[in-house]
Amino acid sequence: NIRGVIFDLDGVLTDTAEYHYQAWQKLANEEGLFFNREINESLRGVSRHASLMLIIGNREYSEVQIQEMMARKNNYYVELIHNITPADLLPGAVALLAELHEAGIKIAIGSASKNARMVIEKLGIGDRVDVVTDGDTVQAVKPAPDLFLNAANQLGIPPDECVVFEDAAVGITAAKAANMWVVGLGPGERVGDADVVLPSLAGVKWDELIKNLFHAEA
Ligand code: G6P
Ligand code: MG
(Lines give C-alpha, C1' and ligand atoms only; values in the text may rest on other atoms or scores of the structure.)
(Ligands and ions follow the chains in the order given, each with its own letter.)
Protein backbone atom coordinates (compact mmCIF):
# COMPACT_ATOMS: atom_id res chain seq x y z
CA ASN A 1 0.00 0.00 0.00
CA ILE A 2 1.78 3.12 -1.24
CA ARG A 3 1.33 6.12 1.05
CA GLY A 4 4.28 8.33 0.15
CA VAL A 5 6.01 9.62 -2.97
CA ILE A 6 9.53 11.03 -2.95
CA PHE A 7 10.52 13.13 -5.94
CA ASP A 8 14.07 13.85 -6.92
CA LEU A 9 14.07 17.49 -8.04
CA ASP A 10 16.69 18.22 -10.72
CA GLY A 11 15.73 16.38 -13.91
CA VAL A 12 12.42 15.09 -12.49
CA LEU A 13 10.24 18.10 -11.63
CA THR A 14 12.37 20.65 -13.50
CA ASP A 15 15.28 20.58 -15.91
CA THR A 16 18.04 22.27 -13.94
CA ALA A 17 20.63 19.94 -15.55
CA GLU A 18 21.01 22.67 -18.20
CA TYR A 19 21.85 25.28 -15.54
CA HIS A 20 24.29 22.94 -13.80
CA TYR A 21 25.86 22.40 -17.22
CA GLN A 22 26.24 26.12 -17.94
CA ALA A 23 27.72 26.79 -14.49
CA TRP A 24 30.23 23.91 -14.69
CA GLN A 25 31.14 24.86 -18.28
CA LYS A 26 31.93 28.44 -17.23
CA LEU A 27 34.13 27.22 -14.38
CA ALA A 28 35.86 24.65 -16.60
CA ASN A 29 36.58 27.29 -19.25
CA GLU A 30 38.09 29.61 -16.64
CA GLU A 31 40.27 26.78 -15.33
CA GLY A 32 41.17 25.38 -18.76
CA LEU A 33 39.54 22.04 -17.85
CA PHE A 34 37.91 19.86 -20.48
CA PHE A 35 34.12 19.68 -20.10
CA ASN A 36 31.10 19.18 -22.35
CA ARG A 37 27.41 18.18 -22.31
CA GLU A 38 28.25 14.50 -22.44
CA ILE A 39 30.34 14.71 -19.26
CA ASN A 40 27.55 16.79 -17.71
CA GLU A 41 25.11 13.92 -18.36
CA SER A 42 27.22 11.67 -16.13
CA LEU A 43 26.88 14.23 -13.31
CA ARG A 44 23.12 13.75 -12.87
CA GLY A 45 22.39 13.25 -9.19
CA VAL A 46 26.09 13.50 -8.32
CA SER A 47 26.98 15.89 -5.46
CA ARG A 48 28.76 19.19 -6.09
CA HIS A 49 32.03 17.96 -4.61
CA ALA A 50 32.00 14.61 -6.44
CA SER A 51 31.10 16.42 -9.69
CA LEU A 52 34.09 18.74 -9.36
CA MET A 53 36.38 15.78 -8.62
CA LEU A 54 35.22 14.14 -11.87
CA ILE A 55 35.79 17.34 -13.84
CA ILE A 56 39.30 18.04 -12.51
CA GLY A 57 40.36 14.42 -13.07
CA ASN A 58 44.04 14.04 -12.17
CA ARG A 59 44.86 17.78 -12.23
CA GLU A 60 46.36 18.82 -8.87
CA TYR A 61 44.47 21.37 -6.77
CA SER A 62 44.75 22.29 -3.10
CA GLU A 63 41.76 21.83 -0.77
CA VAL A 64 41.40 25.63 -0.61
CA GLN A 65 41.27 25.86 -4.41
CA ILE A 66 38.69 23.06 -4.53
CA GLN A 67 36.46 24.85 -2.02
CA GLU A 68 36.82 28.09 -3.97
CA MET A 69 35.88 26.39 -7.25
CA MET A 70 32.81 24.77 -5.66
CA ALA A 71 31.71 28.19 -4.38
CA ARG A 72 32.36 29.82 -7.75
CA LYS A 73 30.36 27.20 -9.63
CA ASN A 74 27.53 27.57 -7.12
CA ASN A 75 27.47 31.35 -7.56
CA TYR A 76 27.04 30.87 -11.31
CA TYR A 77 24.32 28.27 -10.71
CA VAL A 78 22.42 30.42 -8.18
CA GLU A 79 22.50 33.32 -10.65
CA LEU A 80 20.89 31.07 -13.27
CA ILE A 81 18.18 29.57 -11.05
CA HIS A 82 17.00 33.04 -10.06
CA ASN A 83 15.15 33.05 -13.37
CA ILE A 84 13.17 29.87 -12.61
CA THR A 85 9.37 30.29 -12.58
CA PRO A 86 6.42 27.85 -12.26
CA ALA A 87 6.54 27.61 -16.08
CA ASP A 88 9.78 25.61 -15.62
CA LEU A 89 7.94 22.66 -14.07
CA LEU A 90 8.36 19.77 -16.52
CA PRO A 91 5.26 18.52 -18.43
CA GLY A 92 3.03 16.33 -16.25
CA ALA A 93 4.48 17.51 -12.92
CA VAL A 94 1.59 19.80 -11.93
CA ALA A 95 -1.06 17.21 -12.83
CA LEU A 96 0.69 14.40 -10.95
CA LEU A 97 1.23 16.53 -7.82
CA ALA A 98 -2.48 17.42 -7.87
CA GLU A 99 -3.53 13.81 -8.37
CA LEU A 100 -1.34 12.61 -5.48
CA HIS A 101 -2.72 15.35 -3.25
CA GLU A 102 -6.29 14.29 -4.02
CA ALA A 103 -5.41 10.64 -3.38
CA GLY A 104 -4.09 11.58 0.07
CA ILE A 105 -0.52 10.52 -0.77
CA LYS A 106 2.21 12.35 1.16
CA ILE A 107 4.84 14.10 -0.93
CA ALA A 108 8.55 14.64 -0.23
CA ILE A 109 11.46 16.03 -2.21
CA GLY A 110 14.68 14.02 -1.93
CA SER A 111 17.42 16.01 -3.66
CA ALA A 112 21.20 16.01 -3.27
CA SER A 113 21.19 19.74 -4.03
CA LYS A 114 21.86 22.35 -1.39
CA ASN A 115 19.81 24.70 -3.56
CA ALA A 116 16.69 22.50 -3.54
CA ARG A 117 14.63 24.79 -1.28
CA MET A 118 15.28 27.81 -3.48
CA VAL A 119 14.30 25.87 -6.63
CA ILE A 120 11.11 24.56 -4.94
CA GLU A 121 10.19 28.09 -3.96
CA LYS A 122 10.85 29.46 -7.46
CA LEU A 123 8.74 26.65 -8.97
CA GLY A 124 5.91 27.61 -6.61
CA ILE A 125 5.34 24.07 -5.31
CA GLY A 126 6.24 24.68 -1.65
CA ASP A 127 2.64 24.22 -0.50
CA ARG A 128 2.35 20.93 -2.43
CA VAL A 129 5.31 19.36 -0.61
CA ASP A 130 5.12 17.90 2.91
CA VAL A 131 8.85 17.27 3.46
CA VAL A 132 12.11 18.45 1.89
CA THR A 133 15.28 16.41 2.35
CA ASP A 134 18.23 18.05 0.60
CA GLY A 135 22.01 18.20 0.39
CA ASP A 136 22.15 19.92 3.78
CA THR A 137 20.02 17.29 5.56
CA VAL A 138 22.28 14.23 5.28
CA GLN A 139 26.01 13.58 4.96
CA ALA A 140 26.08 10.52 2.69
CA VAL A 141 25.05 11.43 -0.86
CA LYS A 142 23.40 9.21 -3.50
CA PRO A 143 23.92 6.29 -4.23
CA ALA A 144 23.70 5.92 -0.42
CA PRO A 145 20.05 5.44 0.68
CA ASP A 146 20.29 8.05 3.49
CA LEU A 147 18.55 10.91 1.68
CA PHE A 148 15.47 8.85 0.80
CA LEU A 149 15.37 7.11 4.19
CA ASN A 150 15.44 10.51 5.88
CA ALA A 151 12.54 11.70 3.70
CA ALA A 152 10.44 8.59 4.46
CA ASN A 153 11.25 8.92 8.13
CA GLN A 154 10.12 12.56 8.16
CA LEU A 155 6.93 11.56 6.32
CA GLY A 156 6.41 8.83 8.94
CA ILE A 157 5.96 6.18 6.24
CA PRO A 158 7.92 2.89 6.00
CA PRO A 159 10.30 2.67 3.00
CA ASP A 160 8.40 -0.14 1.29
CA GLU A 161 5.29 2.05 1.19
CA CYS A 162 7.17 4.79 -0.70
CA VAL A 163 7.69 5.32 -4.43
CA VAL A 164 10.69 7.34 -5.64
CA PHE A 165 10.82 9.22 -8.97
CA GLU A 166 14.41 9.54 -10.23
CA ASP A 167 16.26 10.54 -13.40
CA ALA A 168 19.78 9.56 -12.28
CA ALA A 169 21.48 6.16 -12.15
CA VAL A 170 22.90 6.92 -8.69
CA GLY A 171 19.37 7.88 -7.57
CA ILE A 172 17.89 4.56 -8.74
CA THR A 173 20.62 2.74 -6.80
CA ALA A 174 19.90 4.89 -3.72
CA ALA A 175 16.14 4.21 -3.86
CA LYS A 176 16.67 0.45 -4.20
CA ALA A 177 19.18 0.49 -1.34
CA ALA A 178 16.45 2.21 0.72
CA ASN A 179 14.08 -0.68 -0.16
CA MET A 180 11.67 1.63 -1.97
CA TRP A 181 9.79 1.29 -5.25
CA VAL A 182 11.39 3.36 -7.98
CA VAL A 183 10.20 4.90 -11.23
CA GLY A 184 13.04 5.82 -13.59
CA LEU A 185 12.57 8.79 -15.91
CA GLY A 186 14.69 8.85 -19.06
CA PRO A 187 16.55 6.44 -21.32
CA GLY A 188 16.92 2.79 -20.29
CA GLU A 189 20.73 3.02 -20.44
CA ARG A 190 20.49 5.50 -17.57
CA VAL A 191 17.50 4.38 -15.48
CA GLY A 192 16.98 0.79 -16.64
CA ASP A 193 17.44 -0.61 -13.11
CA ALA A 194 14.19 1.06 -11.95
CA ASP A 195 11.02 -1.00 -11.33
CA VAL A 196 9.25 0.96 -14.07
CA VAL A 197 10.89 3.14 -16.74
CA LEU A 198 9.05 6.09 -18.32
CA PRO A 199 10.30 8.78 -20.72
CA SER A 200 8.99 11.59 -18.47
CA LEU A 201 6.12 12.55 -16.14
CA ALA A 202 4.00 13.67 -19.11
CA GLY A 203 0.63 11.90 -19.15
CA VAL A 204 1.40 9.79 -16.08
CA LYS A 205 -1.74 8.54 -14.29
CA TRP A 206 -1.11 7.53 -10.69
CA ASP A 207 -3.49 4.53 -10.51
CA GLU A 208 -2.18 3.12 -13.80
CA LEU A 209 1.40 3.61 -12.69
CA ILE A 210 0.77 1.76 -9.42
CA LYS A 211 -0.68 -1.19 -11.37
CA ASN A 212 2.40 -1.26 -13.64
CA LEU A 213 4.71 -1.08 -10.66
CA PHE A 214 3.25 -4.10 -8.89
CA HIS A 215 2.68 -6.00 -12.11
CA ALA A 216 6.37 -5.53 -13.00
CA GLU A 217 7.40 -7.05 -9.68
CA ALA A 218 4.85 -9.89 -9.62
C1 G6P B 1 21.48 17.26 -7.98
C2 G6P B 1 21.92 17.47 -9.41
C3 G6P B 1 23.43 17.45 -9.53
C4 G6P B 1 24.05 18.42 -8.52
C5 G6P B 1 23.62 18.04 -7.10
C6 G6P B 1 24.18 19.01 -6.06
O7 G6P B 1 21.66 15.92 -7.64
O8 G6P B 1 21.37 16.47 -10.25
O9 G6P B 1 23.79 17.83 -10.84
O10 G6P B 1 25.46 18.40 -8.60
O11 G6P B 1 22.21 18.08 -7.05
O12 G6P B 1 23.60 20.28 -6.27
P13 G6P B 1 24.10 21.61 -5.56
O14 G6P B 1 23.01 22.61 -5.90
O15 G6P B 1 24.17 21.35 -4.09
O16 G6P B 1 25.42 21.96 -6.13
MG1 MG C 1 17.99 14.29 -10.68
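At a glance:
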{"item": "Cα shape, segment 74-218, gyration tensor, a/c 1.5 rule", "result": "rounded"}
{"item": "Prolate/oblate/rounded label for segment 107-171 (Cα gyration tensor, a/c 1.5)", "result": "oblate"}
{"item": "Cα-based helix-to-principal-axis angle, 93-102 vs the chain, degrees rounded to 10", "result": "40"}
{"item": "Lysine pair number, Cα distance threshold 29 Å (strictly under), the chain, separation 8 or more or different chains", "result": "23"}
{"item": "HN-Hα J in Hz across segment 202-213 - Karplus 6.51, -1.76, 1.60, θ = phi - 60°, x for Gly and Pro", "result": "4, x, 6, 10, 4, 5, 5, 4, 4, 4, 4, 4"}
{"item": "Relative contact order, percent, segment 1-131 [alpha-carbon distance under 8 Å, six or more residues apart]", "result": "41"}
{"item": "Accessible carbon and sulfur surface of the chain relative to its total accessible area, %, 1.4 Å", "result": "50"}
{"item": "Cut-off of 10 Å, at most 16 other beta carbons, DSSP loop: longest stretch of the chain lacking such chymotrypsin sites (Phe, Trp or Tyr not before Pro)", "result": "62-218"}
{"item": "Relative contact order (percent, whole number), segment 106-180, Cα cutoff 8 Å, 6+ residue spacing", "result": "31"}
{"item": "Between helix 17-31 and the chain: long-axis angle, C-alpha atoms, 0 to 90°, nearest 10", "result": "10"}
{"item": "Surface accessible to a 1.4 Å probe, per residue, for the residues of the chain, Å²", "result": "47"}
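The values are calculated or read from the model by the stated rules, or taken from the named source; none is laboratory data. What you see is a predicted model; the values in this text were computed from it and never measured. Counting neighbours? That spans all protein chains shown, and the Cβs are built from the backbone with ideal geometry, glycine included. Heavy atoms of the whole protein, side chains included, go into the accessibility calculation; ligands, DNA and RNA do not. Shrake-Rupley method; radii C 1.70, N 1.55, O 1.52, S 1.80 Å.
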